[in-house]
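So the structure is just underneath, and the comments pick up after that.
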Amino acid sequence: MTDRTDAPRDKRRLPQINPVWFLLAALIVAIIFMNPGFVEPTGYMNFLKRAAPLAILAAGQVYVITSGGFDLSVGSLITLVVVGSSMLTNNDPTATYWVIPVMLGIGLGVGLVNGLVVCVLRVPSLIATLGMMITLNGLAFLWSGGAPRGYLPDTFRFFGRELIRDVPLVRFIPVSVIVLIVVVGLLAWLMHRTNLGRHVHAIGDNPIAARLAGVAVNRVRITAFMISGLSGALAGILLGGFAGVSTDVGTGYELQAITAAVLGGAQLLGGRGSVPAAVGGALALTAIFTLLNFLGLPQPVRQVVQGLILIAAVALAMHRRKQTGT
Amino acid sequence: MSIAEDTPPRKAGFRFERWAPLILLGGAFAIYVVVAVATGQTQYLTFENLIAILSRSIALGITAIGQTFVILVASIDLSVASLISATAVLASVVMDGSPAMIVPAVLAALVLGGVVGLTNGVVVSGLKVNPLIATLGMSLIIQGALSAFVSNFAGEVPVEFQIFAYGEVGPFPVALLFLTAMAVIGWAVLKYTKFGSDMYAVGGNDEAARFAGIKTGRIVVLSHVICSVCAAIAGLYLASRLRSGAPWIGSDGVYDLESIAVVVIGGTVLAGGRGGIWGTMAGMLIFSLIDSVFNIAGVDSFAKQVLRGIIIVAAVAFYAIRSKRIVA
């Protein structure tokens, strides 16, 4: 099968560009067409700021998906982080400095438990993280007594809401965009330039072959879940900053993160996935929502469009894979 | 007697996987009895009360029977919850209080289910879209289309159709008998028909099944149609129970994730090819028993949710832990 596509011809071809970037470019052109103000820093920086939590979430999710699993617990983890932060800070601005590390710790802990349940108890990740999702939602309600009180102090909201002004070229940069760039850069490096990333790909592609080749399968899988949990906590901190406290801030984010990763070409059940492309997928998804908003379409229509795009993206990806024979 | 001597002894030993759902069910029942006795509420131990517990999870049971079929062929269906809402609303709008419209309404709901299932199946087996994504997309589409048209209770179910949910034959509710009949039919289909054994083959190893001459695509499509029609029936039941259809009854009951959890707790493997209807029924009973235990013990509703999540995982771990395979 591979004999026909001889190597020299492949080399002369242009490097393959992930289709998600074309989708994103087309969407951005459409947005600019609808709203010329988008080319101003206020336009695109606000867009990036809004997209940052989902993009970070997708970058974490892609680790789990590439390793062959799912993480459905991140949405309710976001809720738990936001509600928990408001309970712990208790309107005390100085508490932020220990609350944020605690929240990141909770994210890592949730990921660790997910990973252990999947690897040691051998529960399929779909069920394991679904159980975690229900549990965390219950915990968030339990913690806040059903109605979250108080608000987050400004020091905590700094990451999600503040802008750094007087930056040359772009005038201002939201703090969340800086967080996004740093986190995504780190996760992309970890995925595509280190052995951990290669192991994640290997166990997603063929876990038995990976184990025989000496990959510590369980350790890598648990790490993948912990990275996803950490990204959930980070997304929660950002969302708490600009969305405020409620018990449904995280609802639906797990599916959006999976959608974003899949739009970025990640293959469900493992073996294929890219952090930058998943971020591209998250930006594209946010762009779609922005566009539908500009068009003044009501929420139901947005749902239908999201569903259609989801199916179309995966169908297209499968079609391409069949053609290239990989 | 002679048969017993002629046939070689079956594989010796205790087949754990086969009995695990029953063991779990026994455990859940024992906990129920112990909690009822310990809190001194022995009125919960009557026959009528057990029937009442069962009838609370009819809709979940019907949905889970359908879900068993798709999970057996290594697929999954996340669109059942929105489909339940859609068929409930459709049926109640078509009936609109008139007994003469019952048959058209039921037919319309079943056809809608069939079309959705067919689409799901074709997208999954024809376009090779991962079933999770395909049915999630379908769920978004159905829910979006539904909430574009209705935002509140719509239509009215005539009294004649409410028999489905409220009628009784002797001590048994009609719906419970209906669920039992569906389970028996589902079990018979899986055990005695070619379609049933083909399903196990496709779920066990899709490629091997194809090489053995099974038209795997058709099997997957058919099982999706069965699943969606079951969801449509659950929608009809809920419309009959609530006396009207509302666009949130499916998602409120979390029938998509709960039906999957019920099926998996019943011992059907998510990877396909192993499991069956009776396991699913046991899973449904476990779920309703646990809920009743929480109610009797007066557990706080938020703590209830936390415990539920842990119990789902623990129940699945109960037999998954023995497998040596690397799970997805």
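Computed from the coordinates by the stated procedures, all read-outs in this text should not be read as laboratory data. All values reported here derive from a predicted model rather than from experimental measurement. Neighbour counts run over all protein chains shown; Cβ positions are idealised from the backbone, glycine included.
Points worth noting:
- Cα convex hull volume per residue for the range B:261-328 (Å³): 81 Å³
- Overall, the protein assembly as shown carries a charge dipole of about 2000 debye about its Cα centre when +1 sits on the Cβ of Lys and Arg and -1 on the Cβ of Asp and Glu, all other atoms neutral.
- Only Lys, Arg (+1) and Asp, Glu (-1) charged, at Cβ; the range A:63-219 dipole about Cα centre in debye: 260 debye
- Cα gyration tensor shape of the range B:104-220, rounded if a/c is under 1.5, else prolate or oblate by comparing a/b with b/c: oblate
- Neighbour-count ranking [beta-carbon atoms within 10 angstrom, fewest first] of A:Met318, A:Met132: A:Met318, A:Met132
- Relative counts (whole %) of C-alpha pair distances in the range B:193-328, using bins that are 5 Å wide: 2, 8, 14, 18, 17, 17, 12, 7, 4, 2, 0, 0
- Extension gain, A:Lys322-A:Val120: 0.36 nm per intervening residue step, less the Cα-Cα distance, totals 69.2 nm.
- As a ratio to 2.2 N^0.38 Å, the alpha-carbon radius of gyration computed for the protein assembly as shown takes the value 0.99.
- Listed by chain and number, the aspartates and glutamates whose C-alpha is less than 16 Å from the C-alpha of B:Lys215, apart from same-chain residues fewer than 8 away, are B:Asp198, B:Asp206, B:Glu207.
- For chain B, complete DSSP H runs whose alpha carbons reach 24 Å or more along their own long axis and whose mean Kyte-Doolittle score is -0.5 or higher are B:16-38, B:102-125, B:131-149, B:174-192, B:216-242, B:277-297, B:301-320.
- Total formal charge among the other residues, if their Cβ is under 12 angstrom from that of B:Met138, Lys/Arg +1 and Asp/Glu -1: -2
- Pair B:Val189, B:Leu118: separation of 7 Å Cα→Cβ label points (nm): 1.6 nm
- Dipole magnitude for chain A: computed about the Cα centre from +1 point charges on Lys and Arg Cβ and -1 point charges on Asp and Glu Cβ, it is near 880 debye.
- From least to most packed, judged by other beta carbons within 10 angstrom and beginning with the fewest, B:Ser147, B:Ser259, B:Ser79 follow the order B:Ser147, B:Ser79, B:Ser259.
- Farthest toward positive dipole pole in the protein assembly as shown [+1 Lys/Arg, -1 Asp/Glu at C-beta], among B:Val306, A:Ala95, B:Val124: B:Val124
- Panel order for B:Ile219, A:Ile288, A:Ile258, by other beta carbons found within 10 Å of each beta carbon, from fewest to most: A:Ile288, B:Ile219, A:Ile258.
- Rg ratio (alpha-carbon, reference 2.2 N^0.38 Å) - chain B: 1.03
- Within the shell of other residues whose beta carbon sits under 14 angstrom from the beta carbon of B:Gly66, the net charge comes to -3, with Lys and Arg scored +1 and Asp and Glu -1.
- Largest-first principal axis extents, alpha carbons of the range B:38-105, Å: 48, 41, 16
- If you wrap the tightest convex hull around every Cα atom of chain A and split its volume per residue, you get 154 Å³.
- Long-range amide H partners of A:Phe70 with built H, under 5 Å: A:Ser125, A:Leu126
- Averaged over B:143-151, number of beta-carbon atoms from partner chains that fall within 10 Å: 4
- Relative contact order of the range A:169-239, pairs being alpha-carbon contacts under 8 Å that are 6 or more residues apart, as %: 19 percent
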